[in-house]
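Have a look at the structure below before the remarks.
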């Protein structure tokens, strides 16, 4: 599988996505937006991953490359490419699908509980997950649920924690990809965010040195990526019928 990644900051890396791809033998390409906004043709990749970022999707005047990025993401979705958006990436997908992105009432930073939203029979991307799990958060924005999307995840501080659209587009507000290094990078470069005053902003000591949570987050990330890999196999085999069940 050929995976293209939109990476907005050098220090906000792929985390545990990279070792998953290496073990699976998939091919990675990437666009580093803070350096150059060049995008591949839709025929040149099988899956798109949109990473996080310090900017907001509505800051086009400050980051003019956002306009081209949104056009690229829209074309990938319209071409029925499997797409995963994480944090900023989730907000971008929401806006591209016609919804709004704005400041959340509260900042949400650190390890917080996420709940499965009620979906009849559980959605494909919910299957196998506990009703409640702990996920890593680092955001101040939120989005409205796009028309035609199904809410999959929610939290106490931020109602919109994730949705699925057209069966193959998954947006998650939390960060399942984090490893110890990526968490350290965020703290180093964004330490000012920890002074947010919200009861959902944890102190540095609460965030660091949580190997058990990093491990459970990695398992969640691998589970999500395994499901995308399964979808790709179904597409390649011509057996995809819209029910998203892989065996």
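The values are calculated or read from the model by the stated rules, or taken from the named source; none is laboratory data. Quick caveat: nothing in here was measured; it's all calculated off a predicted structure. Cβ placement follows ideal geometry from the backbone for every residue including glycine, while neighbour counts extend to all protein chains displayed.
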* Does residue 149 satisfy the condition of being closer than 24 Å to residue 228 by Cβ and surrounded by fewer than 17 Cβ atoms within 10 Å (Cβ to Cβ)? -> no
* Asked: Is there any pair linking a residue in region 132-148 that is on the phi > 0 side of the Ramachandran plot and at pLDDT 95 or above to one that is surrounded by fewer than 22 Cβ atoms within 10 Å (Cβ to Cβ) and assigned to a strand (DSSP E or B), with Cβ under 8 Å and at least six apart or on different chains, and which?
  -> 148/165
* Asked: Which numbered condition trips up residue 233, out of (1) out of contact with any strand residue (DSSP E or B) (no Cβ under 7 Å at 6 or more places or on another chain); (2) modelled with pLDDT of 95 or more; (3) surrounded by fewer than 17 Cβ atoms within 10 Å (Cβ to Cβ); (4) within 28 Å of residue 19 (Cα to Cα)?
  -> (2)
* Select, from 102, 5, the only residue that is modelled with pLDDT of 95 or more and out of contact with any helix residue (DSSP H, G or I) (no Cβ under 8 Å at 6 or more places or on another chain). => 102
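Is it fair to say residue 117 is in contact (Cβ under 8 Å) with a residue 12 or more places away in the chain and closer than 21 Å to residue 146 by Cα?
Working: in contact (Cβ under 8 Å) with a residue 12 or more places away in the chain: yes; closer than 21 Å to residue 146 by Cα: yes.
The answer is yes for residue 117.
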* Which pairs do you get when a residue that is within 12 Å of residue 96 (Cβ to Cβ), found in region 52-68, comes within reach of a residue that is part of a loop (DSSP other than H, G, I, E, B), reach meaning Cβ atoms under 6 angstrom, with the pair 6+ apart or on two chains? -> 66/60; 67/60
